[in-house]
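The values are calculated or read from the model by the stated rules, or taken from the named source; none is laboratory data. The structure displayed is predicted, hence computed values, not measured ones. Neighbour counts run over all protein chains shown; Cβ positions are idealised from the backbone, glycine included. To get the accessible areas, we keep the full protein, side chains included, count just its heavy atoms, and leave off ligands, DNA and RNA. Shrake-Rupley method; radii C 1.70, N 1.55, O 1.52, S 1.80 Å.
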Amino acid sequence: MLDNLESNYNCANAGEDLHRLKQELASMRGSGQADPETQEQINRLENQIAFIMNKCDINH
């Protein structure tokens, strides 16, 4: 998970960051835990992925 995403995010890092975030998300979803803390982390990862994709105009 990235600590701090700002409006001045550098899209040059998007490929590497998205790959890492998606791996983390898959791992968290695959753990089978449904406790509130895990769900909060999943939501944050999904939000970070969406932010980068929107900011950097990535459509997949």
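The table for this structure:
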quantity	calculated
Student exercise, the chain dipole from Lys, Arg, Asp, Glu Cβ charges, in Debye to nearest 20	180 debye
Percent carbon-and-sulfur accessible area, the chain, ignoring ligands, DNA and RNA, probe 1.4 Å	44 percent
Principal-axis tilt of helix 36-55 within the chain, Cα atoms, nearest 10 degrees	20 degrees
The chain, relative contact order [Cα under 8 Å, separation at least 6], %	48 percent
Net charge, Met1 excluded, C-beta distance under 12 Å - Lys, Arg +1, Asp, Glu -1	-2
Value of D in µm² per second that Stokes-Einstein yields for the chain, Kirkwood Rh from Cα pairs, at 25 °C (0.890 mPa s)	204 µm²/s
